[in-house]
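Engineer: So that we are looking at the same thing, I have put the structure below in structure tokens.
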Amino acid sequence: MAQRQHWPERLWLVRHGQSQGNVARDLAHEAGHSVIDLDLRDVDVPLSDLGHAQAEAAGRWFASLPEDQKPEVLLSSPYVRARQTAEAICAAGGLCGGAKPTILDERLREREFGVFDGLTTLGIREQYPQEAAHRAKMGKFYHRPPGGESWADVILRLRSMMNTINLHYADKRVLVVCHQVVVLCMRYILEELTEGQILAIDKQADILNCGIAAFDFEPNAQALCVPTLALWNHGAPLEEQGTPKTAEPEVMTGSR
């Protein structure tokens, strides 16, 4: 068997379905409010009704794959909306050999927003004008809101996550259910991109709720594995199941 230098056979990345936080944030922005009307910790925000339907549709899509192509391992962010998405995929028969327990890992959690949590862009500018100006100067890749994380901070913990995947799940087909910024930062790591390149990808299109990405890891002519992007922000499962596609831009408040 060809050696993959401890890489998985395939790595799937799936953003969670639409959350109640996504809906509340959109309503707050549309109404011009400073605060998002959602009295929950970010970790506890569940899927919306549409988000549940999206997760179930994604699960049916994975279940439709040939058995030898389905994910063998499922890793998830511990946040409720990600766990519910992972559970729906398992329940639909989306994993090889039937449903298996989801492995939760806090390194896959959403980017932490610190003092910006629960505020709209308007609210941040009103309550933290100096920090908003600092963010505009630094850019979102390196800016760290007080008590929160920059994209670079997220990347640091995800490099550790990839080391764990390579150590424990070499040659396996691995499915990761996570969040918008996590998906983008994983692509940054795997393709060895620059700040400018990943921000340009982010600007092209928002990551769909339950949008699917996939990387393959096959040896090249020099017998070295180079991660190859095989699928990006794939929304076909939602279209095929007749479930509306949704995506929320990563503004100052994050994506929830």
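Engineer: Kindly establish whether Leu95 is closer than 21 Å to Gln20 by Cα, aliphatic (A, V, I, L, M) and surrounded by 20 or more Cβ atoms within 10 Å (Cβ to Cβ).
Structural biologist: So Leu95 does not fit the description; no.
Engineer: A further question on this structure: Which of the residues belonging to segment 125-168 are in a helix (DSSP H, G or I), closer than 13 Å to Glu112 by Cα and of a type outside the set (A, V, I, L, M)?
Structural biologist: Of the residues in segment 125-168, the ones in a helix (DSSP H, G or I) are 125-127, 129-138, 151-168.
Still in the running and closer than 13 Å to Glu112 by Cα: 151-155, 157.
Hits for segment 125-168 are Trp151, Asp153, Arg157.
Engineer: Another question, if that's okay. Would you kindly identify the helices (runs of 4 or more DSSP H) lying entirely within segment 1-113 that contain at least 2 residues that are closer than 30 Å to Pro129 by Cα and in contact with a Ser or Thr (Cβ under 8 Å, 6 or more places away or on another chain)? Can you show your working first?
Structural biologist: Details: elements: 20-31, 49-63, 80-91.
Correct list: 20-31.
Engineer: Considering only residues that are over 20 Å from Leu158 (Cα atoms) and surrounded by 14 or more Cβ atoms within 10 Å (Cβ to Cβ), look in segment 192-209 and name the one that is farthest from the chain's Cα centre (by Cα).
Structural biologist: Asp206
Engineer: Only one residue in Ala55, Ala92 is of a type outside the set (Lys, Arg), in contact with a helix residue (DSSP H, G or I) (Cβ under 7 Å, 6 or more places away or on another chain) and touching a residue at least 60 places away in the same chain (Cβ under 8 Å), so which one is that?
Structural biologist: Just one listed residue meets the conditions, Ala55.
Engineer: Taking the conditions exactly as written (closer than 21 Å to Asn233 by Cα, assigned to a helix (DSSP H, G or I), modelled with pLDDT of 95 or more and open to solvent by less than 40 Å² (accessible area, probe 1.4 Å)), does Val182 satisfy them or not?
Structural biologist: yes
Engineer: Under 22 Å from Ala213 (Cβ atoms) and either without any contact (Cβ under 8 Å) to a residue 24 or more places away in the chain or open to solvent by 10 Å² or more (accessible area, probe 1.4 Å) (or both): which single residue out of Arg10, Arg41, Arg15 fits that description?
Structural biologist: Values: Arg41 fails: under 22 Å from Ala213 (Cβ atoms); Arg15 fails: either without any contact (Cβ under 8 Å) to a residue 24 or more places away in the chain or open to solvent by 10 Å² or more (accessible area, probe 1.4 Å) (or both).
When all the criteria are applied, what remains is Arg10.
Engineer: Taking Ala31, is it farther than 21 Å from Leu119 by Cβ, without any contact (Cβ under 8 Å) to a residue 40 or more places away in the chain and open to solvent by 10 Å² or more (accessible area, probe 1.4 Å)?
Structural biologist: It is false that Ala31 is farther than 21 Å from Leu119 by Cβ, without any contact (Cβ under 8 Å) to a residue 40 or more places away in the chain and open to solvent by 10 Å² or more (accessible area, probe 1.4 Å).
Engineer: If you don't mind, another one. Does at least one position in segment 192-203 carry a residue that is of a type in the set (Asp, Glu), modelled with pLDDT of 90 or more, more than 30 Å from Ser48 (Cα to Cα) and assigned to a strand (DSSP E or B)?
Structural biologist: no
Engineer: In segment 169-187, what count of residues is obtained for those that are more than 18 Å from Glu112 (Cβ to Cβ) and out of contact with any Ser or Thr (no Cβ under 7 Å at 6 or more places or on another chain)?
Structural biologist: 9
Engineer: Continuing with the same structure: Inspect all residues belonging to segment 48-65 and state whether any of them is among the small types (Gly, Ala, Ser), within 30 Å of Glu126 (Cα to Cα) and modelled with pLDDT of 95 or more.
Structural biologist: yes
Engineer: So, in segment 98-117, exactly how many residues are more than 19 Å from the chain's Cα centre (by Cα) and open to solvent by 40 Å² or more (accessible area, probe 1.4 Å)?
Structural biologist: 4
Engineer: Out of the residues in segment 18-28 that are open to solvent by 10 Å² or more (accessible area, probe 1.4 Å) and not polar (S, T, N, Q), state the one that is farthest from Asn209 (Cα to Cα).
Structural biologist: Leu27
Engineer: From the list Pro227, Pro237, which one is open to solvent by 10 Å² or more (accessible area, probe 1.4 Å), in contact with a helix residue (DSSP H, G or I) (Cβ under 7 Å, 6 or more places away or on another chain) and modelled with pLDDT under 95?
Structural biologist: Working: Pro237 fails: open to solvent by 10 Å² or more (accessible area, probe 1.4 Å).
The match here is Pro227.
The values are calculated or read from the model by the stated rules, or taken from the named source; none is laboratory data. On a predicted model such as this, the values are computed, not experimentally measured, just so you know. Virtual Cβ from ideal backbone geometry, glycine too; neighbours counted across all protein chains shown. SASA here: full protein model, heavy atoms, side chains in, ligands and nucleic acids out. Shrake-Rupley method; radii C 1.70, N 1.55, O 1.52, S 1.80 Å.
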